[in-house]
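Take a look at the structure set out below.
Any read-out appearing in this document is the output of simple, stated calculations on the displayed coordinates, not a laboratory observation. None of the values given here were measured: they were computed from a predicted structure. Please note: Cβ atoms are built from the backbone with ideal geometry, for glycine as well, and neighbour counts cover all protein chains shown.
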Amino acid sequence: MTAVRTPRVIFAVSAVLYLCVGVLLTAGRGYLGGDALSRVAATQSAILSRDPHLSAIGFVFTPLTSLAQLPFVAFAQWSAGITRWGLSGVLMTSLFMAGAVVMVWGIGGDRGAPQWLRIVITLVFALNPMVVFYGGNGMSEALFLFCLCWAARRLMRWVRTDGVHDLVATGIALGLGYLTRYDALAPAMGAAVLVFGLSYYRRRAAEHRFAGAAMDLVLVTAPVTLAFVVWAGTSWLITGQAFQQFTSQYGNSAILTQSGAGGPGNPIAAMQYSLGAMLILAPLLPLLVPITGALGIRRRDWQVAVPMLLFGSVLAFQMLSYAMGSTFAFLRFYIAAIPLTAILALLIAPAHGFPPTKRAGQYEDREPAAPLIATRSWRPLAGAALAAVLLIAGLPVTVLGMNNQLMAVQEYSLEAVLFPNPDNVSAKYNDEVRIAATFRTERRLAEYLDALDLPRGAVVMDTVYGFAVLVASEKPDRFVIPSDRDFVRVLNRPLDRGVKYILAVPNTGRGTSDAVNRRYPSMYENGAQIATLELEIPNDGAGQPDWRLYRVIGS
């Protein structure tokens, strides 16, 4: 198989694997992630809602995960299952996670790693259960990992080639990473420190030492800076808030307050959880970091610093955020440990050859700077082989960790989804069944409203919880939602605007941010004197509210 064809085959096989797993979990078993569905709803609102416009994707979360789904969601007008089962998100994540697998394979090729080592490490990464799961569930992890792996590969190339193309590509990857997750600011800062420091060191004999290092710094940080400024500026111009993630009633800060979640309030407990999560996902990480670090110093191999800075900064950011109580105890937030371990295992073998480059720079490193110690020895290869074996042995640890209710609150219910057992009456299994049933009630509610054959704009609701109803409906333009530019006017005078029904949730917890509750605080309890109760819908999903459907008086 040719060198050009191999990555294509790896990409195709990986994408098909993740797509099949995603379709099985979603359309096959009805297991849907809330974050995944909310992004599908945002994309749907931009093109298929009652008031379609691009800014309907919202500004609370960065936009790339939603924008990447636009080509797929466009077909939902002919096949509602694309949004109902979150298949647009499944397609998106399967493609990008397959891209991350190709990047890991490519890093081994750029290093000149033995073929057997590249195959084993790539397979271990691609088949890691967390990678498989998040490669097919429509959430942001796949796209984020792709951007990180792409950035790591091109920055590792730059360390050897000093090529401007590699530096620019690194910056673009990090910029796209920021448009996927705010976490990308951490690896961007890590890359900036490495690029400026190494460039300054290389030019120690040059006359314009600082200017050259500063130019390299600009090249790698400009795309991230541009993404940051443009996204914040666009949000401010349209919504009046530059950083809705922190200031909006729908933002992460508000969700933490409303749900009473977040860090444990004890930095030691937070540290214990974070370290435990990383050990579940990458049991070999505490061994690989000092070994590869020592080998990098011995060989004077700066490439070792790249994955440690890029992926390590993401992990450090998550640890700090959780310790400060500004994020949740989610295992997926530490998923960067998986590609970090895979890349470090590849780095145990010494570099051979020279990575491909369009134009090498003045300070290219054609040969390893260290003498030929161990470059032809069996010891580094034996160490790499041992690391590969231990990586394989660590996969069951990840499987067991994903089934732990305390450590993996978003993943442990997979047991009930993949291996249903009606005879199991344990409390843990009952919780798993309820989580697996999440959004089933919202789908039934959407079916009920579709059967009424209502006109356009007949139902008012907020998408705090209503996003799952919206994506399950065959006619999303029947709903008036906050992204509609006339939402406030319709909410203020629903009868005059042709509204027939209002969907309400309890005015507690996250329901306090619901726009209907903010305008009519007693809507859920008594219809706020503008509507009468038509239907009450108890919810059988975990963390989801009981719905009430009110008919507007006079409609």
Worksheet item: So which trypsin sites (Lys or Arg not before Pro) in segment 129-232 pass both tests, a DSSP loop state and at most 15 other Cβ atoms within 10 Å of the Cβ?
Response: ARG204
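Quick one: dipole size for segment 440-552, taken about the Cα centre, charges +1 on Lys/Arg Cβ and -1 on Asp/Glu Cβ, in debye to the nearest 20.
The dipole magnitude comes to about 320 debye.
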Discussion item. Quick check: from the Cα gyration tensor, does segment 456-540 come out rounded (a/c under 1.5), prolate or oblate?
Written reply: rounded
Response to the item:
Here the relative contact order (percent) of segment 161-245, from C-alpha pairs under 8 Å and at least 6 apart, is 34 percent
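Under a point-charge model restricted to the Cβ atoms of Lys and Arg (+1) and Asp and Glu (-1), what is the dipole moment magnitude of the chain relative to its Cα centre, in debye to the nearest 20? Working shown, then result.
Working: 44 positive and 34 negative charges, 306 e Å.
My answer is approximately 1460 debye.
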Practice prompt. Report the one residue of ILE530, LEU281, HIS208 whose Cα lies farthest in the direction of the positive end of the charge dipole of the chain (charges on C-beta: Lys and Arg +1, Asp and Glu -1; origin at the Cα centre).
Written response: HIS208
Practice prompt. Using only Cα atoms, tell me the angle between helix 305-323 and the longest principal axis of the chain; keep it within 0 to 90° and round to the nearest 10.
Written response: 40 degrees
Worksheet item: Can you give the relative contact order of the chain as a percent, counting alpha carbon pairs under 8 Å and 6+ residues apart?
Response: 16 percent
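Let me have the relative contact order for segment 1-160, percent, based on Cα pairs under 8 Å that are six or more residues apart.
Values: 212 pairs, mean separation 50.8, N = 160.
Relative contact order comes out at 32 percent.
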Fill in: Simple spin-label estimate for ARG379 and TRP78 in nanometres, 7 Å along Cα-Cβ
6.4 nm
Worksheet entry | Cα→Cβ-extended label distance, 7 Å offset, between MET189 and VAL425, nm | 5.4 nm
Worksheet item: So if R0 is 51 Å, what FRET efficiency would ALA393 and VAL230 give, r being the distance between their Cβ atoms, rounded to the nearest 0.05?
Response: 0.65
Practice prompt. Report the full-extension gain for the segment PHE246 to PHE354: residue separation times 0.36 nm, less the Cα-Cα distance, to one decimal in nm.
Written response: 34.4 nm
Discussion item. Compute the helix-to-body angle for 164-178: its Cα long axis versus the longest principal axis of the chain, expressed 0 to 90° and rounded to tens.
Written reply: 30 degrees
Response to the item:
Here, trypsin sites (Lys or Arg not before Pro) of segment 27-59 satisfying both criteria (DSSP loop; at most 15 other Cβ within 10 Å) are ARG29
Worksheet item: With the Cα gyration tensor of the chain giving a ≥ b ≥ c as the square roots of its eigenvalues, does the rule (a/c under 1.5 for rounded; else a/b larger than b/c for prolate; else oblate) give rounded, prolate or oblate?
Response: prolate
Worksheet entry | Residue-span extension gain [ILE553 to SER55] - 0.36 nm each, minus C-alpha spacing | 176.0 nm
Worksheet item: At ALA211 and GLN272, where each label point lies 7 Å from the Cα along Cα→Cβ, what is the point-to-point distance in nanometres?
Response: 5.7 nm
Item to complete: Show which lysines lie in cross-link reach of LYS475 when reach means a straight Cα distance below 27 angstrom and same-chain residues fewer than eight apart are skipped.
Response: LYS500
Worksheet item: So how tilted is helix 267-281 from the main axis of the chain? Cα-based, degrees 0 to 90, rounded to 10.
Response: 70 degrees
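So what is the calculated 222 nm ellipticity per residue for the chain, using -39500 (n - 2.57) for each DSSP H run with n of 4 or more, over all residues, to the nearest 500 deg cm²/dmol?
Mean residue ellipticity, 222 nm, calculated: -18000 deg cm²/dmol.
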